[in-house]
1. Which cross-chain or sequence-distant (5 or more) residues have an amide H under 5 Å from the amide H of LEU18, H modelled 1.01 Å from N in plane?
2. What accessible area, in Å² to the nearest ten, does a 1.4 Å probe give for PHE67?
3. Apply the Karplus curve 6.51 cos²θ - 1.76 cosθ + 1.60, θ = phi - 60°, to the phi angles in the stretch 196-201 and return the couplings in whole Hz, x for Gly and Pro.
4. Given a 1.4 Å probe and heavy atoms of the protein chains only, how would you sort ARG91, ARG47, largest accessible area at the top?
5. Going toward the positive end of the dipole of the chain, with +1 on Lys and Arg Cβ and -1 on Asp and Glu Cβ, which of PRO61, SER108, ALA190 do you reach last?
6. Would you list TYR63, TYR149 from the most to the least accessible area, probe 1.4 Å?
7. Using only Cα atoms, tell me the angle between helix 46-55 and the longest principal axis of the chain; keep it within 0 to 90° and round to the nearest 10.
8. If you take every DSSP beta bridge fully contained in the chain, what fraction is antiparallel? Give it as a percent rounded to 5.
Amino acid sequence: MDRSDRPSGHLYLIPSPLGSSVENLVLPEHVIRVIHSLDTFFAERIRQANSFLRWLNHPVPDYQCRFYELNKHTPAEDLLEMLGLLKQGARAGIISEAGCPAIADPGSSLVRMAHDAAITVTPLVGPSSILLALMASGMNGQSFTFHGYLPKQVQERTEQIRQLLKESIQKNTTQVFMETPFRNNDLLKALIEELPGSTLLCTASNLTLSNEEIITKRISDWKMKSPDLKNAPTIFLFQANDDTTQKGRLVSKKHISRSENKKPARKHKRVRK
């Protein structure tokens, strides 16, 4: 479809801070100008979206804005109503509870519907706890996988940790996941117990806030001392250390070099008498 034939609606994906702070240290001026130009919002939590807009000194009073709840429980008919507004020319923004919409947060269903209807979709720059944690971890940013939440059940969680370790060893991949804050310490304990001592583990807590703490070290060091992560929003990352991933390759190389250095067996000619 030619751009001129597109519907005039526009859907913006609006990042929000990862926690409470007095001043804005995470959103560029351009993003704030776009937000100020909107009066229709699809929000994971409407009350929190109101607080966010007041924090940004939004020029339109909240009672004059249109708010629609958009979360994992939003029924299909409500999504169609939101899409209808966009088709009619509305310029609207999706606001998640924290971080970037549709990244470990609701919003992707409406975004996909907007694409199907040829509505212009624009992601705005802002904080993503997943990418910030990966950037600061010192682990492989070329190959990584975000897994969301690991299973709650101990046995299932243990099996998945072992499977993720196997993948990290085979593919040199960084494994990224999160947990409900009050269960952080249980997950950290499980990781320390299940992962080999040479594995690198990172915890990135309270990102962009004054009490931000990012720690990367080997499991053997985590066993000596670990922080209290209870109720601290945290991203977990681990990667099999180079010593582990390359061990098999080193053995293979040694084997090859030894075989190459061996002199070929001398062939004895039979002498006919």
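1. Long-range HN contacts for LEU18: GLY99.
2. About 40 Å², rounded to the nearest 10.
3. So the J values, rounded to whole Hz, are x, x, 7, 5, 7, 10.
4. Per-residue accessible area, sorted high to low, gives ARG47, ARG91.
5. Most positive-ward Cα: ALA190.
6. Highest to lowest solvent-accessible surface, that is TYR63, TYR149.
7. Taking the Cα atoms of the chain, the angle to 46-55 is about 80 degrees.
8. 45
The values are calculated or read from the model by the stated rules, or taken from the named source; none is laboratory data. Quick caveat, the model's predicted, so the values are computed rather than measured. Because the Cβ atoms are built from the backbone with ideal geometry, glycine has one as well, and the counts that use them run over all protein chains shown. Surface areas here come from the heavy atoms of the whole protein model, side chains and all, with no ligands, DNA or RNA. Shrake-Rupley method; radii C 1.70, N 1.55, O 1.52, S 1.80 Å.
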